[in-house]
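Below you'll find the structure, written out as structure tokens, and then a few comments.
The values are calculated or read from the model by the stated rules, or taken from the named source; none is laboratory data. Treat the numbers as computed from the prediction; the structure is a model and nothing was measured. Here the Cβ is made from the backbone with ideal geometry for all residues, glycine too, and neighbour counts use every protein chain on show. Heavy atoms of the whole protein, side chains included, go into the accessibility calculation; ligands, DNA and RNA do not. Shrake-Rupley method; radii C 1.70, N 1.55, O 1.52, S 1.80 Å.
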Amino acid sequence: MDLMAIVNAIILPMVVAIVPAVGFAVLFNVPKRFLKYCGFAAFIGFGIRSSCVYANVPIEIASLAGAFAVGSLAMYWSRRFLAPTQVFAVAAVIPMIPGKYAFGFMVTLIEMNVHNRYAPELVTLALSDGLKTVFILISLAFGIAAPRLLFYRPKPAV
């Protein structure tokens, strides 16, 4: 394995993922003291996703693993700082939104509509990109929620 290939496929995207995470955290009015945690959670989550994709894991499962890590970090920090988990998790998951597949889906739909041709390969491509987008979004949502559902045990009411 080439070290530069690993740096370009994993390390560089991890660092770049900090920028949109912190940017959206500012947009969502996250307090200044929590911005570094949002950036770090994005760094870790995107790193796990990039590592899994580099190891030929399907992107849906890789996104679930990255979002689960973000959700776990957010749950830990929410307990530590007495803040909602969404403060840390939502902005950190933004870099994992499947824009490439959503864009490909929309371009294919527009191409089919403009040219009035519904070739089987275009329909297959549209369905593939559309379903991949939906499943990645579902895995991100479930990955954020899963740690809280699995590990959070409220005190019994009785």
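Annotations
- Restricting region 48-63 to residues that are among the hydroxyl-bearing types (S, T, Y) and surrounded by fewer than 21 Cβ atoms within 10 Å (Cβ to Cβ), the residue that is farthest from A5 (Cα to Cα) is S51.
- Residue that is surrounded by the fewest Cβ atoms within 10 Å (Cβ to Cβ) [pool: residues in region 91-102 that are of a type outside the set (G, A, S) and assigned to a helix (DSSP H, G or I)]: K100
- Taking the criterion of being open to solvent by less than 40 Å² (accessible area, probe 1.4 Å) and either in contact with a Phe, Trp or Tyr (Cβ under 7 Å, 6 or more places away or on another chain) or without any contact (Cβ under 8 Å) to a residue 60 or more places away in the chain (or both), the residues of region 26-47 that qualify are F34, L35, C38, G39, A41, A42, G45, F46, G47.
- Residue within region 29-45 that is under 18 Å from I138 (Cβ atoms) and either part of a helix (DSSP H, G or I) or not hydroxyl-bearing (S, T, Y) (or both) present: yes
- Selection status of K100, in contact with a helix residue (DSSP H, G or I) (Cβ under 7 Å, 6 or more places away or on another chain) and within 27 Å of G71 (Cβ to Cβ): no
- Test: residue in region 109-125 that is in contact with a helix residue (DSSP H, G or I) (Cβ under 6 Å, 6 or more places away or on another chain), assigned to a helix (DSSP H, G or I) and under 23 Å from P13 (Cβ atoms): no
- In region 46-55 there is at least one residue matching the filter, namely being outside any helix (DSSP H, G or I), modelled with pLDDT under 95 and within 19 Å of the chain's Cα centre (by Cα).
- When G130 is tested against (1) open to solvent by 40 Å² or more (accessible area, probe 1.4 Å); (2) over 13 Å from the mean Cα position of the chain (by Cα); (3) closer than 18 Å to L64 by Cα, only condition (1) is not met.
- Only one of F135, F142, F105, F88 that is part of a helix (DSSP H, G or I), aromatic (F, W, Y) and open to solvent by less than 60 Å² (accessible area, probe 1.4 Å): F88
- When A21, A5 are screened for being under 19 Å from M75 (Cα atoms) and small (G, A, S), only A21 passes.
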